[in-house]
Amino acid sequence: MKINANLIRPGNILEHNNRQWAVLKIQLIQPGKGGAFIQVEMRDVRTGTKTNERWRTADTVEKLQVEEKDVTFLFGDDDAVTFMDSETFEQFSVPRDVIGEPGAFLQDGMPCTVDLIEGSPVAVTLPDKVVMTVVEADPVVKGQTAASSYKPGILENGARVLIPPFVEAGTKIVVNTADATYVERAKD
């Protein structure tokens, strides 16, 4: 199915140069002169090699139809994570590099979606946002109260994220799983 390049999202599977690619990250770049374009970081589904590709926003790309399975995260180790199929209750493992950086936000019992091509997992999609606890936050520097000043913080999973000055250690926050960014303070 052909789609415009500006509709590419992380987790999509694309056909490009007769190979299948899983989209890891996208970035919309709007230069001062000329048209906007999409920078896409992709991983080859079969070999695991990564590449970056650029398309103009009006270009079309081939998005592959994949079988989606609703799964529940059970546990993980350094090399793989184990999921349970929500319908058949079968357990299966997926290599950690298929998930990529968002894998750090997996939590026990988290519902996820696994994309399969010919029965082999090619991408895992986590919920857009998760609630995490800040375990370490730098103190606020006096006078540094500009609206856009953020400070570094460390979450319970070890991920680093920029947080607003009013967030302190022990605070639960909502984090975007795709790019590990602060969204808002969690509501109890």
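With each run of n ≥ 4 DSSP H residues scored as -39500 (n - 2.57), what mean residue ellipticity at 222 nm is computed for the chain after dividing by its residue count and rounding to the nearest 500 deg cm²/dmol?
-500 deg cm²/dmol
Taking the Cα centre of the stretch 48-188 as the origin, how large is its charge dipole in debye, to the nearest 20, when only Lys and Arg (+1) and Asp and Glu (-1) carry charge on their Cβ atoms?
920
If I take every Cα pair under 8 Å that is 6 or more residues apart in the chain, average their sequence separation and divide by the length, what percent do I get for the relative contact order?
Rounded, it is 15 percent for the chain.
With all protein chains present, how much of the accessible area of the stretch 1-139 (probe radius 1.4 Å) comes from carbon and sulfur, to the nearest whole percent?
Looking at the stretch 1-139 in its full context, I get 46 percent from C and S.
HN-Hα J couplings of the stretch 95-100 from phi, Karplus 6.51/-1.76/1.60, θ = phi - 60°, integer Hz, Gly and Pro as x?
Result, ordered by residue: x, 4, 5, 5, 7, x Hz.
Cut-off 10 angstrom, C-alpha nodes, Gaussian network model of the chain. Which of Asp78, Asp138, Asp97 fluctuates the most?
Asp78
If you plug each phi of the stretch 65-80 into the Karplus form 6.51 cos²θ - 1.76 cosθ + 1.60 with θ = phi - 60°, what whole-Hz ³J(HN,Hα) values come out, in order, with x for Gly and Pro?
In residue order, the calculated couplings are 7, 10, 7, 9, 10, 7, 9, 10, 6, 9, 6, x, 10, 5, 9, 8 Hz.
In µm²/s, what is D for the stretch 1-72 at 4 °C and 1.567 mPa s, where D = kT/(6 pi eta Rh) by Stokes-Einstein and Rh is the Kirkwood radius from Cα pairs?
It comes out at roughly 101 µm²/s.
May I ask you to give the solvent-accessible area per residue for the chain, in square angstrom, as obtained with a 1.4 angstrom probe?
It amounts to 60 Å² per residue over the chain.
Any chance you could list P(r) for the chain, counting all Cα-Cα pairs in 5 angstrom bins from zero, rounded to whole %?
Values per bin, smallest distances first: 1, 7, 14, 15, 16, 15, 13, 10, 6, 2, 1, 0.
Give me the compactness ratio for the stretch 62-162, meaning the Cα radius of gyration over 2.2 N^0.38 Å.
1.38
Report ³J(HN,Hα) in whole Hz for each residue of the stretch 169-177, in order, from the Karplus equation J = 6.51 cos²θ - 1.76 cosθ + 1.60 where θ = phi - 60°; Gly and Pro get x.
Per residue, the Karplus-derived 3J(HN,Hα) values read 4, x, 7, 8, 10, 9, 10, 6, 6 Hz.
The values are calculated or read from the model by the stated rules, or taken from the named source; none is laboratory data. This structure is a prediction, so every number in the text was calculated from the model and none was measured. Here the Cβ is made from the backbone with ideal geometry for all residues, glycine too, and neighbour counts use every protein chain on show. These accessible areas exclude ligands, DNA and RNA; they are computed on the full protein's heavy atoms, side chains included. Shrake-Rupley method; radii C 1.70, N 1.55, O 1.52, S 1.80 Å.
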